[in-house]
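Single-structure report; data block below.
The values are calculated or read from the model by the stated rules, or taken from the named source; none is laboratory data. Every value quoted in this text rests on a predicted model; they were computed, and no experiment measured them. Side chains included, ligands, DNA and RNA excluded: accessible areas come from the protein's heavy atoms. Shrake-Rupley method; radii C 1.70, N 1.55, O 1.52, S 1.80 Å.
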Amino acid sequence: MGASAHPTEAEFEQDPAAIAGRALLEERLARLTPDQLSAFWEAVGRCFGAPPPEAP
């Protein structure tokens, strides 16, 4: 990442650790049942105040 104290989203997307972490998260989310996935996004929404993303 660049020298910025606040990296941009684009800088994060290029970071190898971020890429690996996202792949791991997507792999784990793909294994969840619909109920588990719904509970996960509900918890994310409570923590971050954001609605869940559209289902693929």
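Does any residue of the stretch 13-22 turn out to be modelled with pLDDT under 90 and not hydrophobic (A, V, I, L, M, F, W, C)? Yes, the stretch 13-22 has at least one match.
Being of a type outside the set (Lys, Arg) and over 19 Å from Pro53 (Cα atoms) is the requirement here; does Ala20 meet it? Step through it out loud before you land on a result.
Details: of a type outside the set (Lys, Arg): yes; over 19 Å from Pro53 (Cα atoms): yes.
Spelling it out, Ala20 is indeed of a type outside the set (Lys, Arg) and over 19 Å from Pro53 (Cα atoms).
Which of the residues belonging to the stretch 24-50 are open to solvent by 70 Å² or more (accessible area, probe 1.4 Å) and at positive phi? Correct list: empty.
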